[in-house]
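What follows is a short report on a single structure.
The values are calculated or read from the model by the stated rules, or taken from the named source; none is laboratory data. Since the model is a prediction, treat every value here as computed from it, not as a measurement. A quick note on method: Cβ atoms are made from the backbone with ideal geometry, for glycine too, and the neighbour counts reach across all protein chains shown.
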């Protein structure tokens, strides 16, 4: 069991510098000494211990983090705690920025690894804080948010990008349940074929329109699919009859 | 030219006169509780449901409270009106919804959103201003300007440890030193960084632009939206100087410093 910590200023800046250097040298080893060194990080108060493990997807990670903190009688820090989430990113770096077969990593924008809470168009991009935020919003039934939690930590996917950038949509139990119903195959737990970012964008815009007329948090998902326009028909049918019917029709 | 708005949905818009929300004082270890004064307009079906939602976009959080029906409003017990998902100092925004249960279940019959609650620690003169002033631990700095706090843009955060009495925002020296910089950062954000913001004249950015235009004695004209950034910086600089001159901030600072000496 490891003690979870948060960076001090020096640790955060060293980690930021590592991310810059990693873009030039993709095999550079993560600076794991930052995780424990007292000049670089400090333990959380109250203490929280966790066993690092491999996470199948964003959902499993968020559930693990929630359980870990609850077992310690605490709540995980919110995404505004940049030093905690950056430390956790380094702690789980092999999962948020895995090395490829050649041993090289492909780091993306810094906001994926160090939260940027000051910019509305970046603050939902952190690869760990975002799935936890979504899980916590839907803690009464987190499976309803599977549409944005089904992918691996390092590859959130187009559906996640489109839905989590629309805060009114991602916060609403009804719209998330509807999106999961339409776009996630319950048998595989994976997005249905053709569930693209473009489709999610259209869905998000439509839900913003519907929110002016309907109280979406408590919609009956099955009933509500009947009100969706024709371009959602394929996903509605797949949701009702299963993906096999959808594939047979496509074939 | 004003845009004529058509209300095809027949939805009633609730107003600030209909809904007033107040938070309990922040106490260590206990989330705030909210109280609400709710006056619904006549003509709504008695069986329509009434919901109050507290929400914020970042860090995202949302709570929903059932207030019964139009014909029989029922306040949840005080303990159930605790904002447990908002344990920190960041106050949420509120929505009130009245929803149909008979003719077209789930349809909104009356609605209002982005309601800011009254907060006991916030001085009354700050409640309707264009700058929101709140306290939290800033982990070093004394103050920080924040544009990420939806519904409360911009927020001037003051460090809780530096200002335990919560008086700093009324200190003439603090005002003289900090407020011109707040004005500069805000105009930079609106005029240079995110010029689209100012297009919403009813939004917070529109209010700040109107304020900047109202400052007398600005030596250069306001640049066009497509002007060079250098010209925009010059205008912002002149607005800040004019603001400081008009409020005689140098003299205010000198007098306050002398009194402190």
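Would you please name the residue that is surrounded by the fewest Cβ atoms within 10 Å (Cβ to Cβ), looking only at residues in segment B:38-51 that are part of a strand (DSSP E or B) and at pLDDT 95 or above? Ranking the candidates gives B:51 first. Residues that are surrounded by fewer than 13 Cβ atoms within 10 Å (Cβ to Cβ) and in a loop (DSSP other than H, G, I, E, B) within segment B:221-239 comprise B:221, B:224, B:225, B:226, B:228, listed in sequence order.
Looking only at residues in segment A:222-237 that are farther than 15 Å from residue B:107 by Cβ and buried (at least 17 other Cβ atoms within 10 Å of the Cβ), the one that is farthest from the other protein chains (Cβ to nearest Cβ) is A:234.
The residues on offer are B:197, B:183, and the sole one that is assigned by TED's automatic domain parsing to the domain that holds residue B:151, buried (at least 16 other Cβ atoms within 10 Å of the Cβ), touching a residue at least 40 places away in the same chain (Cβ under 8 Å) and in a helix (DSSP H, G or I) is B:183. Residue count for segment B:176-202 under the criterion of being over 18 Å from residue A:119 (Cα atoms) and at pLDDT below 90: the result is 4.
The criterion of being under 22 Å from the mean Cα position of the chain (by Cα), over 23 Å from residue A:152 (Cα atoms) and crowded, with 18+ Cβ neighbours inside 10 Å does not hold for residue A:58. Take residue B:88 and tell me if it is at pLDDT below 95 and over 27 Å from residue A:81 (Cβ atoms). Against the criterion (at pLDDT below 95 and over 27 Å from residue A:81 (Cβ atoms)), residue B:88 does not qualify.
Checking each residue in segment A:75-113 for being touching a strand residue (DSSP E or B) at 6+ places or on another chain (Cβ under 7 Å) and more than 14 Å from chain B (Cβ to nearest Cβ) picks out only A:87. Filtered by the rule that a residue be assigned to a loop (DSSP other than H, G, I, E, B), within 12 Å of another protein chain (Cβ to nearest Cβ) and in contact (Cβ under 8 Å) with a residue 60 or more places away in the chain, segment B:52-89 gives B:57, B:58, B:89.
The helices (runs of 4 or more DSSP H) found wholly in segment A:125-204 and carrying at least 1 residues that are more than 18 Å from residue A:238 (Cβ to Cβ) and in contact (Cβ under 8 Å) with a residue 60 or more places away in the chain occupy A:129-137, A:157-164. Within segment A:117-143, the residues that satisfy the criterion of being over 17 Å from residue A:76 (Cα atoms) and either in contact with a strand residue (DSSP E or B) (Cβ under 6 Å, 6 or more places away or on another chain) or surrounded by fewer than 19 Cβ atoms within 10 Å (Cβ to Cβ) (or both) are A:118, A:119, A:120, A:121, A:122, A:141, A:143.
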